[in-house]
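One structure is given below, encoded as structure tokens.
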Amino acid sequence: MERLPRGSNFKRAKMFWELGLHVAGNPLTPYGGDRDMCITVGNGSGTAFRPALRMATGSPILAHDVAAGNLEMAMVNPSGLLTQAYRGVGLFKEPLPLRVIGVYPTWDWFIFVVNPSTGIKSLHDIRERRYPLHVSVKEDVTHSTRTMIDQVLSFYGFSLADIVSWGGKLNLTGAPADVRRMSLLPEGKLDAIFDEGLAIWFNEALKHGMVPLHLEPEAFEYLGKLGWRNMAPKSLFPSLKEDHPCIDYSGWPLYTREDLPEQLAYDVAAAFMARQEEIPWEETGYKGDVLQVFENTYSTPLDVPLHPGAERFYREYNKK
């Protein structure tokens, strides 16, 4: 397929895409601001635009909009939060009729690290000592990492708000390597970091003496029921002295509602194949075969069924 489909209409569409990227990608826009995009395909030949396919990025709770039919598809980071929507646990009070089109491959983890000078050996210690922790977290309270933190800490019987009430404070950041975080590491001014994006900040934290906290087996059992997997990434982080089981934060599933017309789901699944050279794949997750997006792998966790249209596409092309 051509890099840019022929015709003036698609030149205009490509221009809209670039303009939208520029506006949404403004580095001065805070998390929780106008950073998300919705791509709409439809018919604009009349006095009103008639959408046929709307695909959006955004928070995990956009799953409600997809299930209600206000969006045809959305993408979420990471896969574990779509699993919660499908099961009706965690963020979601009841199961939502959702299915996966494909999972963009990413390989990531969520981890809790502390400064050993605090004497904290586990998350239990924070609650038992009512420790006034200076902890670095994402500033956007709707960010998936904040959901993760809330769910883990609730298992241990406390919250970020409790930490603040004990005299602690939050170091609020945007990206994992935000200067507001990283500038404090060499000076030992942070007690802890709770975050994902390990490839960006974790080695630096280890370099400056921080150590990861182990979660107990019963914590992993609880989190597994919510849809969180666990893994140990020691091979990618040589500074780790031993395997460290932590929470899997991999995969960006593109999902839809269960009753989306099969052919539309098939067409979007086929687009992964047709446009694979245009998709900005992440090197650590993508292994060079686009069919990976329809499979259950370490970087494409698939705990929600494929939509029948996507499944049909995968079945047909997996034979070739």
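The values are calculated or read from the model by the stated rules, or taken from the named source; none is laboratory data. Because the structure is predicted, anything quoted here is derived from the model rather than measured. Counting neighbours? That spans all protein chains shown, and the Cβs are built from the backbone with ideal geometry, glycine included.
For (1) under 17 Å from the mean Cα position of the chain (by Cα); (2) of a type outside the set (Gly, Ala, Ser); (3) assigned by TED's automatic domain parsing to the domain that holds PHE155; (4) farther than 22 Å from TYR249 by Cβ, each residue gets a yes or a no:
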position	(1), (2), (3), (4)
ASN70	no, yes, no, yes
PRO78	yes, yes, no, no
TYR86	yes, yes, no, no
LEU91	yes, yes, no, no
LEU96	no, yes, no, no
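Restricted to the stretch 106-130, and to residues there that are touching a Gly at 6+ places or on another chain (Cβ under 7 Å) and part of a loop (DSSP other than H, G, I, E, B), the residue that is surrounded by the most Cβ atoms within 10 Å (Cβ to Cβ) is ASP108. Cβ separations smaller than 7 Å between residues 6+ apart or across chains give the following pairs from the stretch 26-47 residues that are of a type outside the set (Val, Ile, Thr) to residues that are loosely packed, with under 13 Cβ neighbours inside 10 Å and in a loop (DSSP other than H, G, I, E, B): GLY42/PHE49.
Determine whether the stretch 192-213 contains at least one residue that is at pLDDT 95 or above, more than 18 Å from the chain's Cα centre (by Cα) and not assigned by TED's automatic domain parsing to the domain that holds LEU82. Yes, there is a match, as at least one residue in the stretch 192-213 is at pLDDT 95 or above, more than 18 Å from the chain's Cα centre (by Cα) and not assigned by TED's automatic domain parsing to the domain that holds LEU82.
Applying the criterion of being surrounded by fewer than 16 Cβ atoms within 10 Å (Cβ to Cβ) and in contact (Cβ under 8 Å) with a residue 60 or more places away in the chain to the residues of the stretch 181-213, the residue that is nearest to LYS138 (Cα to Cα) is GLY188.
Using the structure shown, decide if VAL66 is assigned by TED's automatic domain parsing to the domain that holds GLY309, surrounded by 13 or more Cβ atoms within 10 Å (Cβ to Cβ) and among the β-branched types (Val, Ile, Thr). Criteria met by VAL66. Within the stretch 40-60, how many residues are under 18 Å from VAL100 (Cβ atoms) and surrounded by fewer than 15 Cβ atoms within 10 Å (Cβ to Cβ)? The total comes to 0. When PHE220, PHE294, PHE313 are screened for being out of contact with any strand residue (DSSP E or B) (no Cβ under 8 Å at 6 or more places or on another chain) and either outside the structural domain of VAL41 (by TED's automatic domain parsing) or crowded, with 18+ Cβ neighbours inside 10 Å (or both), only PHE313 passes.
Elements of the type helices (runs of 4 or more DSSP H) sitting completely within the stretch 136-212 and holding at least 3 residues that are of a type outside the set (Val, Ile, Thr) and touching a helix residue (DSSP H, G or I) at 6+ places or on another chain (Cβ under 7 Å): these cover 144-156.
Taking residues in the stretch 87-101 that are more than 16 Å from ASP65 (Cβ to Cβ), and partners anywhere that are β-branched (Val, Ile, Thr) and in a loop (DSSP other than H, G, I, E, B), the pairs with Cβ atoms closer than 6 Å and at least 6 places apart or on different chains are VAL100/VAL304.
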